[in-house]
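J.: Right, I'll just put the structure down here and ask away after.
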Amino acid sequence: MLEELKKRVYEANMLLPKYELITFTWGNVSEIDRETGIFAIKPSGVEYDNLTPDDMVLVDLNGNKVEGKYNPSSDTATHVELYKAFPNIGGVVHTHSSWATSWAQAGRGIPCYGTTHADYIYGEVPCTRCLEGAEFDEYEKNTGLLIVDTFKDKDYEAIPAVLCKNHGVFTWGKDGHEAVHNAVVVEEVAKMAARTETLNPEVKPAPQELQDKHYFRKHGANAYYGQGK
């Protein structure tokens with residue numbers, strides 16, 4: 001069932017070690033087939049060197065395993081909430097990549113200090129609050145709900161990433177590969193931002209006009225970057 005979907009998700013997951021976004025099994029990629037409402041996701045705790053396309057687990061939007069010999073990622077319930085709340089996304093990535101996670105552990109969003117960030121993300125990468133109390137009873141589900149709440153006044157397509165305080169980073173995109181691409185971008189801009197603040201502790205975000213220019217030349221109706229369609 002959905003063999004091509006599983007193959008794409010396997011390939012997207014294998015990009016995480018390629019781009020040094022993970023250590024051991026600390027990450028996962030999923031991609032959804034919107035027509036069926038089923039998504040494929042990496043199995044929980046299986047070493048990347050041992051993965052095959054057939055190992056990807058199929059899950060529905062109620063969080064039920066539809067197909068697979070393994071249990072799905074422990075973060076599956078978070079992916080479910082993101083797919084349910086963000087209808088225009090097709091893929092989700094979670095990692096503990098070191099630079100982005102450092103900002104998450106500091107409880108800080110990543111400010112937009114330059115055009116590299118602005119090319120892909122419109123403004124600050126936000127950081128959620130930490131879960132507390134009874135929220136830990138359904139930790140992964142409530143992580144997803146907290147992300148959704150953090151975006152209640154934000155554009156999830158213009159800001160395709162979030163930091164979860166004391167935890168790690170989630171990114172998304174039109175499919176699993178684009179979500180990985182955005183995870184690479186977030187890790188790089190997290191690194192640049194940390195170095196920028198080290199060099200200049202008084203630094204301010206890039207001027208809004210510059211952010212607008214770089215974001216909208218790549219995104220939206222009047223975008224002109226690249227070779228077009």
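Read-outs: derived from the displayed coordinates by stated rules, not from any lab. Owing to the predicted nature of the structure, the values given are computational and were not obtained by experimental measurement. A quick note on method: Cβ atoms are made from the backbone with ideal geometry, for glycine too, and the neighbour counts reach across all protein chains shown.
J.: Go through segment 18-35 residue by residue and turn each phi into a ³J(HN,Hα) via Karplus (6.51, -1.76, 1.60, θ = phi - 60°); whole Hz please, and just put x for glycine and proline.
T.: For segment 18-35, the Karplus-derived couplings read 4, 9, 6, 8, 9, 10, 6, 10, 7, x, 6, 10, 10, 8, 10, 9, 5, 5 Hz, x marking Gly and Pro.
J.: Mind checking which aspartates and glutamates have their C-alpha under 18 Å from Lys84, skipping anything on the same chain fewer than 8 residues away?
T.: List returned: Glu31, Asp33, Glu35, Asp60, Asp75, Glu138, Glu140, Asp149, Asp153, Asp155, Glu157, Asp175.
J.: Sticking with this structure for a sec: Please work out how much length the chain gains when fully extended from Tyr224 to Asn88, using 0.36 nm per residue of separation minus the C-alpha to C-alpha distance, in nm with one decimal. Walk me through the intermediate numbers first.
T.: Working: separation 136, 0.36 × 136 = 48.96 nm, distance 2.23 nm.
Difference between extended and current length: 46.7 nm.
J.: Next question, about the same structure. Work out Dmax and Rg for segment 142-187 from the C-alpha atoms and quote the Rg first, both in angstrom.
T.: Computed over the Cα atoms of segment 142-187, radius of gyration and Dmax are 10.5, 27 Å.
J.: Run the helix sum for the chain: -39,500 (n - 2.57) per DSSP H stretch of 4+ residues, divided by residue count, reported at 222 nm to the nearest 500 deg cm²/dmol.
T.: Numbers: 7 runs with 84 residues, N = 229.
Using -39500 (n - 2.57) per qualifying helix, the result is -11500 deg cm²/dmol.
J.: If you build the Cα gyration tensor of segment 135-226 and take the root of 5 times each eigenvalue, what three semi-axes come out, in whole angstrom, biggest first?
T.: Numbers: eigenvalues 130, 79, 35 Å².
Each semi-axis is the square root of five times an eigenvalue, giving 26, 20, 13 Å.
J.: Can I ask one more? Find out how many positive minus negative residues lie around Ala183, taking Lys and Arg as positive, Asp and Glu as negative, among other residues whose Cβ is under 15 Å from that of Ala183.
T.: Details: positive: Lys18, Lys42, Lys174, Lys191; negative: Glu11, Glu20, Glu31, Asp75, Asp175, Glu178, Glu187, Glu188.
Taking every Cβ under 15 Å from that of Ala183, the sum is -4.
J.: What nm value, rounded to one decimal, do you get for the distance between Cys130 and Glu157 when each label is placed 7 Å out toward the C-beta?
T.: Label-label distance for Cys130 and Glu157, simple model: 3.6 nm.
J.: How big, in percent, is the set of alpha carbon pairs in segment 38-113 lying more than 19 Å apart? Kindly include the intermediate steps, with their values, before the conclusion.
T.: Details: 1351 of 2850 pairs.
Result: 47 percent of Cα pairs exceed 19 Å.
J.: How would you rank 7-16, 191-200, 132-141, 80-89, highest first, on the average number of other Cβ atoms within 10 Å across their residues? Don't skip to the answer; put the middle values down first.
T.: Details: 7-16: 21.2, 191-200: 14.4, 132-141: 11.6, 80-89: 18.0.
Going from most to least packed, we get 7-16, 80-89, 191-200, 132-141.
J.: While we're here: Which value results when the Cα radius of gyration for segment 1-127 is divided by 2.2 N^0.38 Å? Walk me through the numbers on the way to the answer.
T.: Numbers: Rg = 15.3 Å, N = 127, 2.2 N^0.38 = 13.9 Å.
Against the empirical 2.2 N^0.38 Å value, I get 1.11 for segment 1-127.
J.: Here's something else I'd like to know. In angstroms, what radius of gyration and Dmax does the chain have, counting Cα atoms only?
T.: Cα radius of gyration and Dmax of the chain are 17.3, 55 Å respectively.
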